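J.: Just passing along the structure, written as structure tokens.
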Amino acid sequence: MEFVNVQELVSTGVAEALAFYFIAALAITLSIGVISDKNVIRAGFLLIGVFGGISGLFFLLQAQFIALAQVMIYAVGITLVVVIALMLTNPRLQNEEAEEEAIASSEPALLKFLDSIRNGFPGLVAWIAFVTVYMAIRSEHWEQSTQTIGEDNIAVIGRALTTDYSLPFEFASVLLLAALIGAIMLAKAEKVEDTDTPREGIESGSN
Amino acid sequence: MANLLDRAVESFKRVGEGLKTVFMHSFREPTTQEYPEKIQDLAPHFRGRLALAVNPDTGDHLCISCRQCERVCPDKCIEITAHKSPETNKLELIDFKIDHGLCMFCGLCTEVCPTTCIINTNDFEMADYSRESLIYDIKRLTLTQDESTYYFDKKELPRPKPKAAAKPAAAAGAAGAAAKSAAAGGDAAAKAAAAKAAAAKAAAAKAAAAKAAAAKTDDGETKAEPKAESKSEEKAAEPKADAEAAKKDVVEAKTEDITAEPKADAEAAKKDVVEAKTEDKAAEAPEKDAKKDVKEAKADEKDPE
Amino acid sequence: MNAAEIYKLSRLAIFWLSVTFGAVWVACWGVGVFIPSLITGKMPFLLQVDNPSTTVVFIADLLRSLTPILSLLVFIPINAMFMVLFERRSLALFTVRMGPNRHGFDGLAQTAADAVKLLFKEDITPRGADAFMFTLAPIIFFAPSIFGALPLLAAVTNNHDLFKVANLPTGIFYILAAASIPVVALVMAGWASNNKYSLVGGLRSAAQAISYEIPLVLSLVTMCLLAGTLDVVEIVEQQKGGILNWNILGGGALSGYDKLAPYWLNLVDTSFDTSAMFGQFYPVPWLSSIMAFVLVICTVLLFGLYLTGACAEINRIPFDLPEAESELVSGYNTEYSGIKFAIFFLAEFTNLFVVSSIATVMFLGGGDNPIPKWILDRLPLEPISNALGSLLSPLIKDLMFIDPATFWAAFWVIVKVYSIVFFAILVRGTLPRFRIDQLMDFGWKRLIPLALILFVVVVFARTWVVCHG
């Protein structure tokens with residue numbers, strides 16, 4: 001009995017193209033959703049979907065390890081923590097926003113104009129960055145790789161990380177360590193001055 | 001570090017112990033009872049649905065319409081309808097309603113009832129389709145004679161005396177006299193026994209009755225103190241009274257009489273606990289046997305408690 | 001002795017397992033073997049076609065490649081029904097009760113009735129809930145248990161032709177990535193329900209899953225280190241040949257002893273010089289044996305670590321804080337009803353099955369027979385198997401209905417998986433729920449350091465011992 005290899009079906013010809021367009025469209029739609037959704041938390045969930053789409057693209061490129069790491073670390077690990085952080089802080093953010101709007105409506109015209117510039121600024125930066133990256137990608141001449149993808153690409157990645165690229169790898173880990181220490185310092189309880197009410201100090205420190 | 005290891009080992013041991021214990025539970029018989037198939041033998045004083053008992057022996061309704069239960073009921077769920085009979089000038093029960101939807105099964109009504117008519121049965125499956133159907137009228141409340149016997153036996157209630165109207169005058173008089181003489185002895189047991197003895201003799205010789213009663217009193221005082229359930233047998237001049245150790249609480253005295261006694265008389269002689277049955281056969285009961293019976297009766301008496 | 005209830009439980013298990021796996025195999029065989037053979041004209045006794053058209057061949061191939069997914073779709077609902085019933089009956093056994101015994105024959109149809117009831121219940125979306133996310137959450141919760149279990153299929157069926165397609169070179173990593181997705185669904189469900197209890201349940205589950213995924217993954221990574229591969233089929237292949245080769249006993253550290261045991265026990269050729277072969281497995285005279293022993297301890301601890309992490313990952317007692325009834329009503333699924341709740345329920349039990357299967361594949365040798373090969377060879381089993389083989393030859397050879405190797409692999413996998421499930425139920429019957437701070441302390445201050453220490457110890461110990469990898 002001979003059986004068809006689904007992976008081959010995917011990696012060759014029409015199936016791959018179709019899958020690519022589908023996943024790309026999904027990812028783009030979701031990312032538009034991320035920036036346009038008023039609800040921050042839903043935007044966070046959509047971001048998880050975007051990362052899932054990107055991991056699908058990696059899958060199409062036969063980069064299974066990176067695809068799975070994308071799901072495991074970006075989609076589930078990091079974004080989820082961000083979403084949770086948003087959930088814990090969200091009510092306060094909404095209140096501030098409402099206050100700001102209330103203040104803005106009673107401002108003179110000049111300040112309103114300045115405000116609109118200020119509000120449009122992130123979008124401007126995003127557009128500039130997008131155009132820059134797009135131009136850079138277009139201007140580059142991409143060669144088709146002749147290297148065949150080994151079945152055991154995890155071993156290749158592991159070897160590369162521990163030999164040729166061990167220095168950048170270690171630097172990245174130092175960066176993470178620094179971030180970790182910073183987070184601990186931020187979250188650390190402040191020294192309690194008043195011994196009568198120790199709980200207050202701890203609570204205000206940890207939140 | 002060593003401390004941590006110790007604690008880790010300790011916690012492993014404890015968790016393992018717990019797992020073992022729980023696993024060993026699977027070899028125990030389940031304590032669950034499969035309810036509709038097997039109903040647990042409920043305690044005698046279980047307070048279930050209320051019901052009206054009849055006299056276990058005669059089937060007479062025991063309610064005398066005294067309305068004590070109606071008065072004592074905290075939920076006011078009892079409603080008694082009665083009227084005064086023009087003939088006997090006594091209260092006659094017309095209807096008796098209990099709203100079981102209101103009842104909280106406190107059992108106060110059963111405590112106050114002078115004739116132990118209203119009792120808590122063991123029935124607790126009273127689910128119904130409407131609130132109205134939870135109001136039980138006298139038909140649904142009244143137990144049959146068999147059921148009444150069952151609950152009287154189970155709850156160890158004293159047997160009620162039959163209605164006075166049914167008694168032939170002579171027998172009633174004899175029994176009454178015997179009872180009074182026994183009461184002078186001051187002991188319930190003696191009273192009961194005396195009454196029985198008196199009943200046995202009622203037809204033959206009235207004089208002997210007093211004697212027997214006296215003898216009975218001694219017997220009762222010396223041997224059967226606390227309860228009225230002592231069972232003793234007295235050998236009087238002509239009738240041989242043969243007592244048999246009965247189930248537990250109910251004393252059955254089978255009085256054998258040579259001169260065939262009418263049933264009505266024997267029943268008239270029934271007092272409190274003692275059930276006297278007249279039999280036609282002659283029974284030989286030597287004194288030894290009789291004493292044995294007494295001993296047995298005493299042993300029985302201690303056992304149940 | 002409570003023989004009656006134990007007998008009922010085992011009868012239930014045997015009945016439902018036969019139904020479950022029988023149904024799955026009949027479906028797989030029908031779609032993956034019978035219909036393709038029929039339409040391409042290769043089925044014996046039936047119509048014979050010499051040159052089937054390309055369309056027909058394509059359809060046949062498509063059917064075959066869809067078999068793994070089909071098997072899971074058939075398997076998951078039936079299995080969940082069985083596991084719920086099994087859990088309830090076992091718990092009843094442990095708590096000296098009887099458990100469900102009304103529906104069907106001694107309660108065999110209880111969960112089937114429950115499932116039907118759940119499907120017909122009203123599906124309510126609470127006011128103020130985010131309807132889209134509310135609907136999406138059960139789907140995201142359930143989907144990973146279907147596609148995440150795919151690579152395991154080949155491993156547990158002795159690499160059967162039908163399930164080979166589903167195997168991936170990154171097998172275990174893929175499974176772990178899939179297993180990490182449901183937590184997103186839990187947070188989503190908790191948030192979308194517009195309910196404080198649900199939200200707290202969702203947040204708790206996220207915190208818990210992220211904390212306990214680390215020791216879980218570390219323990220599996222350590223096993224992969226010993227095996228030298230992420231491919232689950234290969235990992236199962238390495239562990240073949242009896243209990244001494246299994247990963248739980250040193251990840252192959254004892255396989256040298258396993259190979260030499262027949263010589264030492266004078267079962268085979270006694271003149272054979274074992275010392276050379278011994279040196280091949282254990283290069284340094286005394287140190288290697290000690291290190292093999294250390295490896296055995298490490299892997300047993302890693303197995304415990306895996307089970308703990310898995311328990312927390314799938315929110316089972318004693319780590320069921322996200323759905324703690326006494327504190328949070330029922331956590332993230334408080335607001336769910338009807339079919340959505342059914343999907344949550346289904347996925348929860350499927351997850352239990354999946355983590356048990358991972359433990360079986362990674363630690364307990366997959367479909368391997370626990371009896372060492374050199375004992376098995378000396379048992380007079382060959383005549384029996386030959387007799388059975390000739391008896392069932394029409395099924396085996398002509399219809400390809402039974403594949404003996406797959407059958408035995410599946411049998412042992414079922415035994416091992418359900419033993420772990422039973423153990424999980426026992427734990428559920430024994431241990432009380434953790435408090436949230438204890439849970440975090442236990443995860444971060446005990447399990448993760450332990451996992452890291454074991455990782456380092458294994459890395460060093462395996463340099464002196466020849467392991468699977």
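J.: Out of segment C:124-143, which residues are in a helix (DSSP H, G or I) and more than 10 Å from chain A (Cβ to nearest Cβ)?
T.: Matches in segment C:124-143: C:Ala131, C:Phe134, C:Thr135, C:Pro138, C:Ile139, C:Phe141, C:Phe142, C:Ala143.
J.: Another one. Are any of the residues in segment C:438-449 open to solvent by 30 Å² or more (accessible area, probe 1.4 Å), in a helix (DSSP H, G or I), over 30 Å from C:Val284 (Cα atoms) and in contact (Cβ under 8 Å) with a residue 60 or more places away in the chain?
T.: yes
J.: Here's something else I'd like to know. Is at least one residue of segment C:115-136 closer than 19 Å to C:Ser356 by Cβ and in the same structural domain as C:Met362 (by TED's automatic domain parsing)?
T.: no
J.: Check C:Val232 against each of (1) open to solvent by less than 60 Å² (accessible area, probe 1.4 Å); (2) at pLDDT below 80; (3) among the β-branched types (Val, Ile, Thr) and name the one condition it does not meet.
T.: (2)
J.: Restricting to segment C:163-175, name every residue that is within 7 Å of chain A (Cβ to nearest Cβ) and open to solvent by less than 20 Å² (accessible area, probe 1.4 Å).
T.: C:Thr170
J.: Residues to consider are C:Leu186, C:Leu150; find the one that is closer than 30 Å to A:Leu46 by Cα, more than 14 Å from chain B (Cβ to nearest Cβ) and in contact with a Ser or Thr (Cβ under 6 Å, 6 or more places away or on another chain).
T.: From the options C:Leu186, C:Leu150, the qualifying one is C:Leu186.
J.: If you take the residues of segment C:450-459 that are out of contact with any Ser or Thr (no Cβ under 7 Å at 6 or more places or on another chain) and touching a residue at least 40 places away in the same chain (Cβ under 8 Å), which of them is surrounded by the most Cβ atoms within 10 Å (Cβ to Cβ)?
T.: Checking each candidate, the answer is C:Leu450.
J.: From the set of residues in segment C:93-113 that are closer than 23 Å to C:Leu426 by Cα and in a helix (DSSP H, G or I), which is farthest from the other protein chains (Cβ to nearest Cβ)?
T.: It comes out as C:Thr111.
J.: Follow-up question, since we're still on this one. Could you pull out the residue among C:Gly250, C:Gly228 that is in contact with a helix residue (DSSP H, G or I) (Cβ under 8 Å, 6 or more places away or on another chain), touching a residue at least 40 places away in the same chain (Cβ under 8 Å) and either of a type in the set (Gly, Ala, Ser) or not assigned by TED's automatic domain parsing to the domain that holds C:Gly171 (or both)?
T.: Unique residue meeting the criteria: C:Gly250.
J.: Residue check: is C:Ala207 more than 14 Å from chain A (Cβ to nearest Cβ), over 21 Å from C:Thr463 (Cβ atoms) and either crowded, with 24+ Cβ neighbours inside 10 Å or in contact (Cβ under 8 Å) with a residue 24 or more places away in the chain (or both)?
T.: No: the conditions fail for C:Ala207.
J.: List pairs: first residue in segment B:111-129 and touching a residue at least 60 places away in the same chain (Cβ under 8 Å), second residue open to solvent by 10 Å² or more (accessible area, probe 1.4 Å) and small (Gly, Ala, Ser) anywhere in the structure, Cβ distance under 9 angstrom, at least six positions apart or on different chains.
T.: Final answer for the pair search is B:Asn122/B:Ala43.
J.: Which one of B:Asp57, B:Asp41 is outside any helix (DSSP H, G or I) and either open to solvent by 60 Å² or more (accessible area, probe 1.4 Å) or among the small types (Gly, Ala, Ser) (or both)?
T.: B:Asp41
J.: Still on this structure, please answer the following. For segment C:112-134, give me the residue count where each residue is basic (Lys, Arg) and modelled with pLDDT under 85.
T.: Summing the residues that are basic (Lys, Arg) and modelled with pLDDT under 85 in segment C:112-134 gives 1.
J.: While we're here: List, please: which pairs have Cβ atoms under 6 Å, are six or more places apart or on different chains, and start with a residue in segment C:77-103 that is over 18 Å from C:Val415 (Cβ atoms) and end with one that is basic (Lys, Arg) and assigned to a loop (DSSP other than H, G, I, E, B)?
T.: If the second residue must be basic (Lys, Arg) and assigned to a loop (DSSP other than H, G, I, E, B), the pairs left are C:Val96/B:Arg28.
J.: State the number of residues belonging to segment C:156-182 that are hydrophobic (A, V, I, L, M, F, W, C) and in contact with a Phe, Trp or Tyr (Cβ under 9 Å, 6 or more places away or on another chain).
T.: 7
J.: Moving on to the next point. If we scan segment B:8-15, do we find a residue that is at the interface with another protein chain (Cβ under 10 Å from one of its Cβ atoms), open to solvent by 70 Å² or more (accessible area, probe 1.4 Å) and modelled with pLDDT of 85 or more?
T.: Yes, there is a match, as at least one residue in segment B:8-15 is at the interface with another protein chain (Cβ under 10 Å from one of its Cβ atoms), open to solvent by 70 Å² or more (accessible area, probe 1.4 Å) and modelled with pLDDT of 85 or more.
J.: Looking at B:Leu19, is it open to solvent by less than 20 Å² (accessible area, probe 1.4 Å), among the hydrophobic types (A, V, I, L, M, F, W, C) and either without any contact (Cβ under 8 Å) to a residue 40 or more places away in the chain or more than 7 Å from chain C (Cβ to nearest Cβ) (or both)?
T.: no
J.: Of the residues C:Ala3, C:Ala27, C:Ala23, only one is more than 20 Å from C:Phe163 (Cα to Cα) and either in contact with a Gly (Cβ under 6 Å, 6 or more places away or on another chain) or modelled with pLDDT of 80 or more (or both); which?
T.: C:Ala3
J.: I've got another one for you. Sort out which residues of segment C:408-422 are without any contact (Cβ under 8 Å) to a residue 24 or more places away in the chain and within 14 Å of chain B (Cβ to nearest Cβ), and write them in order of number.
T.: The answer is C:Ser419, and nothing else.
J.: Checking the condition within 30 Å of C:Tyr174 (Cα to Cα) and either part of a helix (DSSP H, G or I) or at pLDDT below 85 (or both), which residue from C:Ser65, C:Ser90, C:Ser37 passes?
T.: C:Ser65
J.: Specify which of the listed residues (C:Asp130, C:Asp106, C:Asp123, C:Asp114) is touching a residue at least 24 places away in the same chain (Cβ under 8 Å) and touching a Lys or Arg at 6+ places or on another chain (Cβ under 6 Å).
T.: C:Asp106
J.: Identify, by number, the condition in (1) exposed (fewer than 15 other Cβ atoms within 10 Å of the Cβ); (2) part of a helix (DSSP H, G or I) that B:Cys106 doesn't meet.
T.: B:Cys106 satisfies all of (1) exposed (fewer than 15 other Cβ atoms within 10 Å of the Cβ); (2) part of a helix (DSSP H, G or I) except (2).
J.: In addition: Specify which of the listed residues (A:Gln70, A:Gln62) is part of a loop (DSSP other than H, G, I, E, B) and either surrounded by fewer than 19 Cβ atoms within 10 Å (Cβ to Cβ) or at pLDDT 85 or above (or both).
T.: Exactly one of A:Gln70, A:Gln62 is part of a loop (DSSP other than H, G, I, E, B) and either surrounded by fewer than 19 Cβ atoms within 10 Å (Cβ to Cβ) or at pLDDT 85 or above (or both), namely A:Gln62.
J.: All but one of (1) out of contact with any Asp or Glu (no Cβ under 8 Å at 6 or more places or on another chain); (2) surrounded by 22 or more Cβ atoms within 10 Å (Cβ to Cβ); (3) away from chain A (no Cβ under 12 Å) hold for C:Tyr212, so report the exception by its number.
T.: Looking at each condition in turn, C:Tyr212 falls short on (1).
The values are calculated or read from the model by the stated rules, or taken from the named source; none is laboratory data. All values reported here derive from a predicted model rather than from experimental measurement. Neighbour counts are summed over all protein chains in view; Cβ atoms, including those assigned to glycine, are modelled from backbone coordinates with ideal geometry. Side chains included, ligands, DNA and RNA excluded: accessible areas come from the protein's heavy atoms. Shrake-Rupley method; radii C 1.70, N 1.55, O 1.52, S 1.80 Å.
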